[in-house]
Amino acid sequence: MTKPIVWVHGDCLSPYNPVLQKYPDAPAIWVWDEALIEEWQLSLKRIAFIYECLLELPVVIRRGNVAQEILAFAQEHDANLVVTANSPSPRFDDICNQMDGSIAVEVLEVEPFFDYDGYIDLKRFSRYWKVAQNYVFRSNLSLSDSERDGFA
């Protein structure tokens, strides 16, 4: 019998996260990645924004080593599966690899906001948005006036 927990991370902070939709009754966790906060020097403003997003989600919030906290949370809930949404972050792969052998990990695909195969600097939203807006607004131009009004 599969008993999952959900790992919510910074690349899918939405109540419409496909993992939360697929496993609405599973315990869910968010871990503040202290090493990442330090490395990227996230501002208090950014941390507050993320925290406000988390308040809308059914998650337990922890801090520390992400893989260790997820494994501890899984053990506390007698879970045998960690389910999460995919991420383009190399750090995501590292965390999954750290859990490999300790627990099964299921990664669900997320519909991308826009199609792009090039490099995007993900440290700051403004850098991401400089690339994204060209694709998002370009696809918006093909919409009818009434469809576009829904985006206003």
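Close amide-amide hydrogen proximity is noted between residue 106 and 82, 83, 84, each under 5 Å apart and 5 or more residues distant or on a separate chain (H modeled in the peptide plane; Pro and chain starts excluded). One quarter of the convex hull surface built on the alpha carbon atoms of the range 20-61 amounts to 3.3 nm², the projected area averaged over directions. Its Cα centre serving as origin, the range 26-108 has a Cβ charge dipole (Lys and Arg +1, Asp and Glu -1) of approximately 240 debye.
Taking 25 °C and 0.890 mPa s as the conditions, I'd like the Stokes-Einstein D for the range 1-104 in µm²/s, using the Kirkwood hydrodynamic radius from alpha carbon pairs. Mind dumping the intermediate values first?
Working: Rh = 14.0 Å.
Result for D is 175 µm²/s.
For residue 22, the accessible surface of its heavy atoms amounts to roughly 110 Å² (probe 1.4 Å, protein chains only, rounded to the nearest 10). The simple Förster model, with R0 at 30 Å and r as the Cβ-Cβ distance, assigns residue 100 and residue 135 a FRET efficiency of 0.35. Measuring nothing but protein heavy atoms, the accessible surface of the range 16-70 at 1.4 Å probe radius is 54 percent carbon and sulfur.
The values are calculated or read from the model by the stated rules, or taken from the named source; none is laboratory data. Everything numeric here is computed off the predicted structure, so don't read it as measured data. Every residue, glycine as well, gets a Cβ built from its backbone with ideal geometry; the counts of neighbours run over all protein chains shown. Please note that ligands, DNA and RNA were not included when accessible areas were found on the heavy atoms of the full protein model with its side chains. Shrake-Rupley method; radii C 1.70, N 1.55, O 1.52, S 1.80 Å.
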